[in-house]
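First up is the structure itself, then whatever we jot down about it.
The values are calculated or read from the model by the stated rules, or taken from the named source; none is laboratory data. These figures come from a predicted structure and were not determined experimentally. No Cβ is skipped: glycine too gets one built from the backbone with ideal geometry, and neighbour counts run over all protein chains shown. In case anyone asks, the SASA skips ligands and DNA or RNA and just uses the protein heavy atoms, side chains included. Shrake-Rupley method; radii C 1.70, N 1.55, O 1.52, S 1.80 Å.
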Protein chains: 2
Amino acid sequence: MKSQLDHVSVLKQANVYFDGKCVSHTVITANGDKKTLGVILPSSLTFNTNAAEVMEITSGICRVRLLGQQIWTKYSAGDRFEVAANSRFDIEVVETLNYVCHFV
Amino acid sequence: MKSQLDHVSVLKQANVYFDGKCVSHTVITANGDKKTLGVILPSSLTFNTNAAEVMEITSGICRVRLLGQQIWTKYSAGDRFEVAANSRFDIEVVETLNYVCHFV
């Protein structure tokens with residue numbers, strides 16, 4: 001897993017959610033794709049999606065339950081999970097998470 | 001003031017300070033300069049510097065007292081302040097701050 005995103009633009013204004021429990025910066029790749037690069041502090045949160053997304057975990061540990069699922073799945077560095085458009089997921093961050101969110 | 005940094009690399013791993021009151025992402029420009037792009041939530045903090053830096057405020061409101069100064073100076077969007085190497089500054093963030101830190 002590469003440790004950085006190259007040849008991108010980054011918006012100076014961050015996205016701050018849940019009183020700062022989640023902070024991300026928006027990145028635009030050379031071919032115009034949007035991604036967000038963020039941190040989630042230890043907490044239990046529910047995120048709503050507009051576009052479908054793939055969450056790539058860079059570091060940290062979390063448990064995730066997708067909408068309609070009963071079970072929680074554990075993810076850590078190198079793992080990915082996909083969330084449908086207009087959906088939501090519950091996430092319990094056990095250890096501060098660094099992630100890249102890819103919109104698909 | 002441009003709203004984004006272009007033609008850069010961004011490290012996927014964020015810098016998290018003061019229990020998440022300050023979260024930044026490290027950016028490397030095309031000519032190899034390092035900058036950090038960050039958020040400070042409302043709080044009163046003291047930052048130590050290694051290299052000298054210029055803090056460019058993108059949004060939000062803060063008051064800053066440099067090492068050795070008695071007075072506090074207010075900064076908001078579009079303002080900059082410079083901090084010497086191996087120094088420190090006190091900052092009171094009144095309204096969530098977005099900043100770009102340039103190392104000089």
- Identify all residues within region B:77-104 that are within 14 Å of chain A (Cβ to nearest Cβ) and either in contact with a Gly (Cβ under 9 Å, 6 or more places away or on another chain) or open to solvent by less than 40 Å² (accessible area, probe 1.4 Å) (or both); write none if there are none. B:Ala77, B:Val93, B:Glu95, B:Thr96, B:Leu97, B:Asn98, B:Tyr99, B:Val100, B:Cys101, B:His102
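Suppose we keep only residues that are surrounded by 13 or more Cβ atoms within 10 Å (Cβ to Cβ) and assigned to a loop (DSSP other than H, G, I, E, B) within region A:14-32. Which one would you say is farthest from the other protein chains (Cβ to nearest Cβ)? Walk me through how you get there before you give the answer.
So in region A:14-32, the residues surrounded by 13 or more Cβ atoms within 10 Å (Cβ to Cβ) come out as A:14-18, A:20-29.
Remaining after also requiring assigned to a loop (DSSP other than H, G, I, E, B): A:14, A:21, A:29.
Working: A:Ala14: 5, A:Lys21: 7, A:Thr29: 11 Å.
Applying the filter and picking the extreme gives A:Thr29.
Assess whether A:Gly38 counts as being under 30 Å from B:Cys101 (Cα atoms) and either within 11 Å of another protein chain (Cβ to nearest Cβ) or in contact (Cβ under 8 Å) with a residue 60 or more places away in the chain (or both). Talk me through it step by step, then tell me what you get.
Working: under 30 Å from B:Cys101 (Cα atoms): yes; either within 11 Å of another protein chain (Cβ to nearest Cβ) or in contact (Cβ under 8 Å) with a residue 60 or more places away in the chain (or both): yes.
Here the answer is yes, as A:Gly38 does meet what is asked.
Please go through region A:65-76 and give me each residue that is farther than 24 Å from A:Asp19 by Cα and open to solvent by less than 50 Å² (accessible area, probe 1.4 Å), ordered by number.
A:Thr73 - this is the single residue of region A:65-76 that is farther than 24 Å from A:Asp19 by Cα and open to solvent by less than 50 Å² (accessible area, probe 1.4 Å).
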- Query: Given the conditions (1) more than 25 Å from A:Ile28 (Cα to Cα); (2) part of a strand (DSSP E or B); (3) open to solvent by 50 Å² or more (accessible area, probe 1.4 Å), which single one is not true for B:Cys62?
  - Reply: (3)
- B:Val10 being within 11 Å of chain A (Cβ to nearest Cβ), open to solvent by 30 Å² or more (accessible area, probe 1.4 Å) and in a strand (DSSP E or B): no
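What residue, of B:Gly60, B:Gly68, is without any contact (Cβ under 8 Å) to a residue 40 or more places away in the chain and within 12 Å of chain A (Cβ to nearest Cβ)?
Testing whether each residue is without any contact (Cβ under 8 Å) to a residue 40 or more places away in the chain and within 12 Å of chain A (Cβ to nearest Cβ) leaves just B:Gly60.
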- For region B:41-53, indicate whether the set of residues that are under 23 Å from A:Ile40 (Cβ atoms), buried (at least 18 other Cβ atoms within 10 Å of the Cβ) and within 14 Å of chain A (Cβ to nearest Cβ) is non-empty. yes
